[in-house]
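Notes for the one structure printed next.
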Amino acid sequence: MTALPLEYVHIEPETGDGPAPAVFVLHGRGANEQDLLPIAAELPDSFHIISLRAPDRLQDGYTWYELDLSSGGLHQSQPDPVDFERSLGLVVDSVEAALEEYDLDADRIGLLGFSQGAITSMSLLLESPTRFQWVVALHGYLPASHRELEPDRVADKPVFIAAGSADQIIPAARTEAAAERFTQLGAAVEYNVYNTPHGVSNGELADLVSFVEAQQ
């Protein structure tokens, strides 16, 4: 499908008439737009689901950006700034194109991301708080490029942030720091740590679904 700048999968809502809320789904490094569809399938059927594919090929999958490892390895990695800025723009452009292509409620658009997708989603909320109403960020962190942003309209925005106590890719401490920053900004943060590695546990899935149900 090519109606959007990024390749994607679109699932129509099964209930309701007229403009419907939408969630844009952003996968992790090395995955694709199919990867998080089992999670998206658990979300309320009143939502448009639009799962985006990252722009750059990485082995058998795709990536939103290359990693800057100059700070000391994977656990201190940051997004490559040029790649990251491009991907943020592509997601925003894809959202705007989807608003033209589908019957989305422009006032009820959320983001759900895992790993790189979570990092991208949290950064997008800070950059475009008037476009996005809520975020689910699973096993991600807030990059240095966005840590000091202080947008006026993040206060009271619902933000669900999840970490894994056994996550060896993105340690829980980095995810906790993101939750703390959003709390400082006045967002309505729900932060949980699950006994899981770099993946989504059943308990995590149940909690994020409950969170999204509350955003209908």
Considering only residues of segment 127-169 that are touching a strand residue (DSSP E or B) at 6+ places or on another chain (Cβ under 8 Å) and farther than 25 Å from SER77 by Cβ, which is surrounded by the most Cβ atoms within 10 Å (Cβ to Cβ)? TRP134
Return yes or no: is SER87 surrounded by 21 or more Cβ atoms within 10 Å (Cβ to Cβ) and without any contact (Cβ under 8 Å) to a residue 40 or more places away in the chain? yes
Counting only residues that are at pLDDT 95 or above and farther than 16 Å from VAL91 by Cβ, which one in segment 47-59 is surrounded by the fewest Cβ atoms within 10 Å (Cβ to Cβ)? ARG57
Assuming ASP35 fulfils every condition listed in (1) within 17 Å of the chain's Cα centre (by Cα); (2) over 15 Å from ALA118 (Cα atoms); (3) in a loop (DSSP other than H, G, I, E, B) apart from one, which condition is it? (2)
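The values are calculated or read from the model by the stated rules, or taken from the named source; none is laboratory data. This one's a predicted model, so the numbers in the text were calculated from it and none came from an experiment. Don't worry about glycine lacking a Cβ; one is built from the backbone with ideal geometry, like all the others, and counts go over all protein chains shown.
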